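Before any comments, here is the structure.
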Amino acid sequence: SAALALINARQAAAMAEQEAFRRELALAADIQRAMLPPPRPDDFPVHGINRPARGVSGDFFDVVTLADGRIAFAIADVSGKGMNAALLMAKTASLFRCLAKRLDGPGALLAAIDSELAETNSAGMFVTMVAGVLDPAARRVVLANAGHEPPLLLQDGRVQSIDGGLPPLGIDPLLFADGCPECEVDLGGGTLALFTDGLTEARDEDGVMLGGDGIEALLLRHAA
């Protein structure tokens, strides 16, 4: 009887601990969702979506309208999974929202975020990130890429990969000593698609991983 009582007590304590952890994860997920930008009107030029595979995510995107009417945006993916990745994601997202309003250009922005992350980053963790600034009137985007999936430009029935940039943020601050290289993209009548490896590693209805070719096919199929 004593042994059964002890086993039951231990199981009850374990269940209580699991329930407390579940509540903490749910709270973290709520906080993460609150950090994402709200849905925009249909005629707004930048849209995004985040669907975590688990309760908390290491991916995020953000969109910030600047005082001069331009629009700063970013998408990022934190290495690893779980709570550590979620915390680093929250810090990176906060840095972007704060610095995007003060710094001119995505290259300077990524360099500043890298400098901040390098001071307190946990060993072995890093962030891949693309930042950009859209001029809606000119339909022109300035991009900077730190180790992230290359953006894809869908234009005139073709898909063009926009390569280049530096390694991920948080690895070595010396890499960003001179800022991050920028490139200019003339959208014309096209669409710029940015995504994390959560999309490239997704599987289609046949269980085949999409990969880069699969995403290009999706863009062409849904070009309208």
So if I average 1/r over every pair of distinct C-alpha atoms in the stretch 40-104 and take the inverse, what Kirkwood radius in Å does that give?
13.0 Å
Enumerate the helices in the chain for which the Kyte-Doolittle hydropathy averages -0.5 or more and the C-alpha atoms extend at least 20 Å along the helix's axis, using complete DSSP H runs.
2-35, 82-99, 106-120
For F44 and R10, calculate 0.36 nm times their separation in residues minus their Cα-Cα distance, and state this gained length in nm to one decimal.
6.8 nm
Of the candidates P39, P106, P151, which one comes out as most mobile in a Gaussian network treatment of the chain with C-alpha springs shorter than 10 Å?
P39
accessible surface per residue for the stretch 75-224, probe 1.4 Å, DNA/RNA/ligands not counted, whole Å² -> 51 Å²
Say we join alpha carbon atoms closer than 10 Å with springs in a Gaussian network model of the chain; which of E205, E116, E17 then has the biggest fluctuation?
E205
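At a Förster radius of 45 Å, what calculated FRET efficiency corresponds to the Cβ-Cβ distance of A2 and T120, to the nearest 0.05? Can you show the working numbers first?
Working: r = 50 Å, r/R0 = 1.10.
Computed FRET efficiency for A2 and T120: 0.35.
What full-extension length gain, to one decimal in nm, is calculated for L219 and L36 as 0.36 nm per residue of separation minus the Cα-Cα distance?
Working: separation 183, 0.36 × 183 = 65.88 nm, distance 2.38 nm.
Contour length minus the Cα-Cα distance gives 63.5 nm.
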How much of the accessible area of the chain, in percent, comes from carbon and sulfur atoms when a 1.4 Å probe is used?
54 percent
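Quote the FRET efficiency, to the nearest 0.05, computed for R158 versus R22 with a Förster distance R0 of 35 Å and r equal to the Cβ-Cβ distance. Each step should come with its number before you reach the end.
On the way: r = 47 Å, r/R0 = 1.35.
In this case the efficiency is close to 0.15.
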With bins of 5 Å, the percent of all Cα-Cα pairs of the stretch 92-224 per bin from 0 is 2, 10, 18, 19, 19, 14, 11, 6, 2, 0
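Suppose only helical runs count, i.e. DSSP H with n ≥ 4. What mean residue ellipticity at 222 nm does that imply for the chain under -39500 (n - 2.57) per run, divided by all residues and rounded to the nearest 500 deg cm²/dmol?
Numbers: 5 runs with 82 residues, N = 224.
That calculation yields -12000 deg cm²/dmol at 222 nm.
The values are calculated or read from the model by the stated rules, or taken from the named source; none is laboratory data. Every value quoted in this text rests on a predicted model; they were computed, and no experiment measured them. Note that we place each Cβ from the backbone using ideal geometry, even for glycine, and neighbour counts take in every protein chain shown. Ligands, DNA and RNA are stripped out before the accessible areas are found, and what is left, the full protein with its side chains, is counted by its heavy atoms. Shrake-Rupley method; radii C 1.70, N 1.55, O 1.52, S 1.80 Å.
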